[in-house]
Amino acid sequence: LSDGRFAQIQSTRSEQLTGFVAAGVDLDEEGAHRLDATYYHTEKQDETLEQRENGYFKDLDYSNLILETQNGGLNDFVLGQELDSVATLGSKLGAGPMREELSEEPSRGALWFNNFGRSNTFERHRDLDVYQLNGVHEIEFLDGLDITWATNYATTNQDDKSLGMRFTYEPCGFAGLSTCPSGASPIAIPTRFPVRVSDLGPGTYFASSPQGGIVNTATDVQEEQYFARMDVEQEVALSDFAELNFRTGFWWEQAKRDVDATFVENVTVGGFSQWALGSPTLSELGGTVFDRLDPSSAIRSSQTEATKEIAAGHAHLKLTLWESVDLLGGLRYESIFIDSKNEPFTGEIQLGRPATFPTAYLFFDRLDNPNLGEVPPNADTSNVTFNDQILGINTPINPDTGFVDLLTREQILSLANGEIDENKVLPAVGLAYRPIDGVALRASYSETVARPSFREMGYYVTVQPGTDERILGNPQVGLSEVKSFDGRVEYIFGELGDLVALSSFYKVIEDPIESIILRNPIDLDSGSAALFRTFFNNPNTARLWGIEIEARKSFDFLAQLGLDFPGVELFDYLSIGGNFSWIDASVARTPAELARAQRFFRVPTGETARFPGLERKRRLFGQPEWIGNADVTLDHPDWGTTVTLAVFAISDVLDAAGTAGIGRDRVNADTLTLDRYLDDYYQLDLIASQEIWQGITVKLSVKNLTDTRRRRVYDREQTARTYVERMRQYGRDWSLSVGYTVDF
């Protein structure tokens, strides 16, 4: 089910200014001690305009609506019945309520055959400064002792703004529109869809409160980061056949992020919550709406202060025997502290509780208490699955009643804030064996942790270009523990380093961090605007295993056969290579996911099942089934020429897990968002560089020569055929740069 199908045009304008300065100095004549300093600065501004128009439902049988309208018998029941099988609850092409009578005012809603659309603008400005100093030291008094260190300071600011509105085009003759001739005759009711503006003739573009869909957001992100590391490495010859390499060091990272976010909700115009504005052109409508709306009447402000500090120490040993066997072992100790403090309160009261934006019912609260009138007195909510259960949030439940009482400000704040404070000991062991020249066999085992990002823990709302999704962090997201088993066989041959390799891996991930779509349980009328993408730790164990094949071969053998071009040595510098990975990555759905969505996959008695049921396992978030890369490269140092033609391909990837939504009775799930995938995709890139004079290099890059489209589709295992949620054509990306390098 969807909000309809639209033709979409997206236009993006980008400006970027980048500067980089580097300097290095040898502190002694032997070059045993060296210092390097760099400064990097970049500013980038992106402006994106999206326009959707000609909205319609692909699978809707319009013939019944046409007939009922012509006979004057169209009503809300008929309209709802027709839309029920194809439309997201309350969406009606994302335009809110529709009016039944053709003669009613447009402020009462849109006609079902109007031209529906949406316009969005996004602005992003980002600047980044990075200062780095690093050094390399070979200690003379202890042979084989090397010390390397690095430190840097980085600061970045990012400002995001977005404006958007849904609109309809109302043809003349069905209502008293100021832009229409007096007594204009109604057009014939359309019989072909989608209905374009040109098909409807003269009319007015409308935005109104029933349509909703006004987006007005601003986000200001400021972040600074400090980083330092030092590594000490010592090599010791134990005997003629044994050598020991010891490496130890530390890593320290500290970051702080401040976010101020605003989101305008339930827009009023001129102090009225029920409003309708019209203009003869779409551009005039945009100016009219955003000039007159009252953002202060429904502005929702959120603040986030987040800090991260990682301190780690490590020690590794490598014992080499007979120059053919390496025994490796190591230990890493990490102290991890991540803190996300959020201020979500609006200053209002909602159903007796302190109101937040987004509402606390999205994550931290339930509509389950008959004592508070949230459900009927005889309602049985014992089998109802709530959003907090899906996310694994520890909502406070009254042990005496089994319900959630009125949450206090302090209780909500304890859940809206998140903290990770853990210490981890992470071992690693490995073995490498080189039986003959050029052949190596490797095996290893290691333990690591995956940490949530600031965005994944920040409780504030943003809207991304190309989507209508509200993205919201979950402060209760925690760490994921990863255990990895890896093996590799490789053979390096030839004078130019030709390679053939086969790798395999197996990973076990505890509490993997995944993305999921949830519906606001108290918003049943806003269609997709009630959906939020967020993050959670799946309590099930994810398991990945796969293989990778890698190869690279130069064409020097053709030169040796005398097939080079006369007077031009080419094949010695031409090579072809690539790699292909196949991955089996799956994880079980949580019991809460299954419990809420299972009813949509039940088969009535006597009917044939289109689906075997909701699968208990699904693809792990963000993991493709396969990835492939290949390239042909010419690298001719005498000419100063490098040319690469590269192809990249990837299978479908889980973009977000879906869930069901609880309906108006607050007991039964009546909407379903299916699991959503980014479909398989490929692109061809060309990168060429040429040194044209001493130190001056010109580089040309053309990405996506094939102008490939990528689709976002619903899980094919859950649908009878492929349903495309969104399709995007990225276009070609051309860039030309000139670089200059000088050595002192």
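The values are calculated or read from the model by the stated rules, or taken from the named source; none is laboratory data. Just so we're clear, the structure is a prediction, and the values are computed from it rather than from any experiment. For neighbour counting, all protein chains shown are included, and Cβ atoms are generated from backbone atoms with ideal geometry for every residue, glycine included. Only protein heavy atoms, including side chains, enter the accessible area calculation; ligands, DNA and RNA are left aside. Shrake-Rupley method; radii C 1.70, N 1.55, O 1.52, S 1.80 Å.
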Practice problem: Would you kindly find the accessible area of residue 522, with a 1.4 Å probe and non-protein molecules such as ligands, DNA and RNA excluded, rounding to the nearest 10 Å²? | Solution: 60
Practice problem: Please check which bits of the stretch 427-458 a label hung off residue 239 would reach, taking the label as a point 7 Å along Cα-to-C-beta and the cut-off as backbone N under 13 Å. | Solution: none
Practice problem: Evaluate 2.2 N^0.38 Å with N set to the residue count of the stretch 154-276, then give the Cα radius of gyration divided by it. | Solution: 2.34
Quiz item: Can you run phi through the Karplus equation (6.51, -1.76, 1.60; θ = phi - 60°) for the stretch 326-341 and list ³J(HN,Hα) in whole Hz, with x for Gly and Pro?
Solution: 10, 10, 10, x, x, 9, 10, 10, 10, 10, 10, 10, 10, 10, 10, 9
Practice problem: Kindly sort 453, 279 by accessible area of their heavy atoms, largest first, with the probe set to 1.4 Å. | Solution: 453, 279
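Using the heavy atoms of the protein chains alone and a 1.4 angstrom probe, what is the accessible area of the chain per residue in square angstrom?
50
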Exercise. Quick one: check the C-alpha center-to-center distance for the stretch 407-422 versus the stretch 696-723, whole angstrom.
Key: 40
Practice problem: Would you please give the FRET efficiency between residue 147 and residue 439, computed as 1/(1 + (r/R0)^6) with r the Cβ-Cβ distance and R0 = 30 Å, to the nearest 0.05? | Solution: 0.35
Self-check item: At R0 = 51 Å, FRET efficiency that the Cβ-Cβ distance of residue 722 and residue 698 yields, to 0.05
Solution: 0.70
Quiz item: What is the extension gain from residue 63 to residue 21, computed as 0.36 nm multiplied by their sequence separation minus the C-alpha to C-alpha distance, in nm to one decimal?
Solution: 8.4 nm
Quiz prompt | Contour minus Cα-Cα distance for residue 500 and residue 625 (0.36 nm per residue) | solution = 42.8 nm
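For the pairs 58/617; 256/703; 318/553; 161/256, flag any whose C-alpha to C-alpha distance is greater than 27 Å. Walk me through the numbers before you get to the answer.
Values: 58/617 30 Å; 256/703 35 Å; 318/553 31 Å; 161/256 22 Å.
Flagged as over cut-off: 58/617; 256/703; 318/553.
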Quiz item: What length, rounded to one decimal in nm, is gained on full extension from residue 729 through to residue 39, with 0.36 nm per residue of separation minus their alpha-carbon distance?
Solution: 244.8 nm
Exercise. Ignoring everything but the protein chains, give the 1.4 Å probe accessible area of residue 571 in square angstrom, nearest 10.
Key: 30
Practice problem: May I ask for the percentage of alpha-carbon pairs in the stretch 218-287 that lie more than 16 Å from each other? | Solution: 77
Exercise. Measure off 7 Å from each Cα along the Cα-to-Cβ vector at residue 580 and residue 548, then give the distance between these two points in nanometres to one decimal.
Key: 1.6
Exercise. Using Cα centres only, tell me the gap between the stretch 636-665 and the stretch 109-186 in whole Å.
Key: 19
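Based on the alpha-carbon gyration tensor of the stretch 421-477 and its eigenvalue square roots a ≥ b ≥ c, which shape applies: rounded if a/c is under 1.5, prolate if not and a/b is larger than b/c, or oblate?
It is oblate, given that a/c is not under 1.5 and a/b is not larger than b/c.
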Quiz item: Which whole-angstrom value gives the distance between the alpha carbon centres of the stretch 585-599 and the stretch 424-499?
Solution: 26
Quiz item: What net charge is computed for the residues neighbouring residue 149, neighbours being all others with C-beta under 14 Å from the C-beta of residue 149, Lys and Arg scored +1, Asp and Glu -1?
Solution: -2
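Considering only protein heavy atoms, with the full assembly of protein chains and a 1.4 angstrom probe, order 262, 204 by accessible area, largest first.
Details: 262 40, 204 5 Å².
Accessible-area ranking of 262, 204, largest first: 262, 204.
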Exercise. Ignoring everything but the protein chains, give the 1.4 Å probe accessible area of residue 555 in square angstrom, nearest 10.
Key: 50
